[in-house]
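Asker: The structure's right below; bear with me while I get my questions together.
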Amino acid sequence: MRYRKRWLRGPQGTRRMQSPWMRHLLDLLWIILGTFIIAISFNVLLRPNQVASGGVVGLSVVIDHAFGIAPAITQWGSNIVLFLLGFIVLGGRFGFKTILGTFLFPTFVLVTSQLGAWTQNPLLAAIYGGLGIGLGIGLVLWGRGSTGGTDLAAQLMHRFVGFPVGGLILFLDGLVIISAGIVFSPEKALYALLGLIITSRTIDLLQTGISNSKAAIIISAHPHAIRDKILNELDRGVTLWTGTGGFSGEQRELLWVVISQNEVSLLRALVRDIDPHAFMTVCPASEVIGEGFQPHAAK
């Protein structure tokens, strides 16, 4: 049996030919590596410094201190309960990669539980622990897996209360941080919040990448002249929209173009030379996929 090969973009933006079974193998490797990094960050940074930065990870730190229950037991127990409820309420919409990531993480936590703390400074633990957790979760997401926890709990709550899943995740993480403030101290809750913020930003960075691209919208009385300059001098594609002025009621064509950071000044000069009265706004473009930028990754 021959597998149809497809182009893929790896984490470093490189392109290479891979068959579907190689794609699945790479997904598994990302999930294994990601959960291992999460476990290491938990055991050498967060747990010894009592930084409970949200989720089942943070909850296990609180329960460990309050009741002496090993974090891996709390993590396994929580995920088993959530999965059973998920199968009942959500109809068992879980893939193998989700199950693997969810149960592999507590296993790695147990295996690496004897590692010593890398620092006794809770600030450093919150910063680098949050960074490590975010890096690990980002790798798991690259492998199209999940570590379960509050994500699954939020989906279950959404089914009953109807609130947005994102808001429910914040609510659950907030409860964990508040419990850390009660069990440990308000100061430890602040460290936990810092760790959660760093984790969230790290995940976002891994998912959208570091991009220096900008998106510009231009409103001018000479849209076609500006379009020609962009096409010929910047060698960038441009899209024309038709818009209506809210005050004047006049219809005008708007130009939309995506450029690199280095081309912003060139675009500004180009527009100014043609129409000094043009209105232009330039915004960050966090991820630009397509011709002239980064290629599409295979699904």
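Rule-based calculations on the coordinates, nothing more; no lab input. The shown structure was predicted, so the numbers you read here are calculated from the model rather than taken from an experiment. Quick reminder, even Gly has a Cβ in these numbers, built from the backbone with ideal geometry, and neighbours come from all protein chains shown.
Asker: Roughly how many whole Å is it from the C-alpha centroid of the range 138-175 to that of the range 184-199?
Answerer: 19 Å
Asker: I've got another one for you. Would you order Trp142, Trp241 from fewest to most other beta-carbon atoms within 10 Å of each residue's own beta-carbon? Don't jump to the answer; show the numbers that get you there.
Answerer: Working: Trp142 20, Trp241 12.
Ordered by Cβ neighbours within 10 Å, fewest first: Trp241, Trp142.
Asker: Determine, for each peptide in 226-235, 112-121, 251-260, the mean count of other beta carbons within 10 angstrom over its residues, then list the peptides with the highest first. Don't skip to the answer; put the middle values down first.
Answerer: Values: 226-235: 15.3, 112-121: 12.7, 251-260: 16.8.
The peptides rank, most packed first, as 251-260, 226-235, 112-121.
Asker: Continuing with the same structure: Which aspartates and glutamates have a Cα less than 18 Å from the Cα of Lys188, not counting those fewer than 8 places away in the same chain?
Answerer: Here the aspartates and glutamates satisfying the reach criterion relative to Lys188 are Asp64, Asp173.
Asker: Run the reach check for Lys97 against aspartates and glutamates, Cα to Cα strictly under 14 Å, same-chain hits fewer than 8 apart removed. What comes back?
Answerer: Asp27
Asker: Within 10 Å, count the other beta carbons around each residue, average over each peptide in 29-37, 191-199, and list them highest first.
Answerer: On the way: 29-37: 20.8, 191-199: 24.7.
Peptide ranking by packing, descending: 191-199, 29-37.
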